[in-house]
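First the structure, in the form of structure tokens, and then the observations on it.
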Amino acid sequence: MTQQQLGDFGDFSLSVVVTSPPWYENCFLVLHKPSQAMAVVDPGGDAERIMDVIAGMGGKPQVILLTHGHPDHLGAAHQLEVAYGIPTRAHADEAPVIANSSELNRSFTGQDQKGPASLETFAAEPAETLGDAPIRVIHTPGHTPGGVCFDFGPFVLTGDTLFRNGVGRTDLPGGSEQQLWDSINRLLGMVGEDVMLFSGHGPEWNVRDARRWWRMVG
């Protein structure tokens, strides 16, 4: 497992913790520097290591945000909820996926998984905040029914909707290839070309390069 400070983006500082195999999932830590409020996005596992990185950053965790509810994106949520007394927030359409997460994890790894205990759901595309900074929620169904991307302005966390030169799988329960294609088209039309895209697995890229690639394959 690795960790990396990805840089400062206006009022935000962004770091990533790449979780242990088999998932190698990107858990993002978003620090709102003026308020020191922090969001933990997609804590897929390795709760103790994530907490060590949080301590080193000096922020105050306020919320866990899920781009979607697959087991590789929420494995550490319960421990972090208890440690910091914070809720986990996800799209309402994702509730069945989250409820099935332990069963899906067992099918991949043979192990049960404890899901979020303090789950809050939201409908549509609400206005979220971190400190006093807005976070735009973009509903991007396709990989899962309630998948979302979190737009912080200079960067967007895309979960498993869109990877660098790749897209999320649609063969798991609730997946839809047509919805995913429509979601990616919409997402890439909503954000500026210099915005950075950080996905749930693998490296980042910018919207300009993503649009160029998508015109060739989408």
> So which residues in the stretch 200-218 are buried (at least 18 other Cβ atoms within 10 Å of the Cβ) and over 22 Å from F28 (Cα atoms), if there are any at all?
Replying inline: W214
> Of all residues in the stretch 171-199 being among the polar types (S, T, N, Q) and over 17 Å from the mean Cα position of the chain (by Cα), which is surrounded by the fewest Cβ atoms within 10 Å (Cβ to Cβ)?
Replying inline: Q178
>> Just to be sure before I move on: is V167 surrounded by fewer than 19 Cβ atoms within 10 Å (Cβ to Cβ) and among the β-branched types (V, I, T) in the structure I sent?
In response: no
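Taking the options D112, D151, D132, name whichever one is farther than 23 Å from P22 by Cα and at pLDDT below 95. Before the answer, list the steps.
Working: D112 fails: farther than 23 Å from P22 by Cα; D151 fails: at pLDDT below 95.
The match here is D132.
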>> Name the single residue that is surrounded by the most Cβ atoms within 10 Å (Cβ to Cβ) among those in the stretch 106-134 being in contact (Cβ under 8 Å) with a residue 60 or more places away in the chain and among the aliphatic types (A, V, I, L, M).
In response: L130
> Taking the stretch 58-85 as the region of interest, how many residues are touching a strand residue (DSSP E or B) at 6+ places or on another chain (Cβ under 6 Å) and modelled with pLDDT under 95?
Replying inline: 1
>> Considering only residues that are within 15 Å of the chain's Cα centre (by Cα), in a loop (DSSP other than H, G, I, E, B), under 14 Å from D72 (Cβ atoms) and not hydroxyl-bearing (S, T, Y), which ones fall in the stretch 95-147?
In response: H143, G147
>> Which condition from (1) touching a Pro at 6+ places or on another chain (Cβ under 8 Å); (2) modelled with pLDDT of 95 or more is the one that A127 breaks?
In response: (2)
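The values are calculated or read from the model by the stated rules, or taken from the named source; none is laboratory data. For clarity, every value in this text was computed on a predicted model and none was experimentally measured. Cβ: placed from backbone, ideal geometry, glycine included. Neighbour counts: every protein chain shown.
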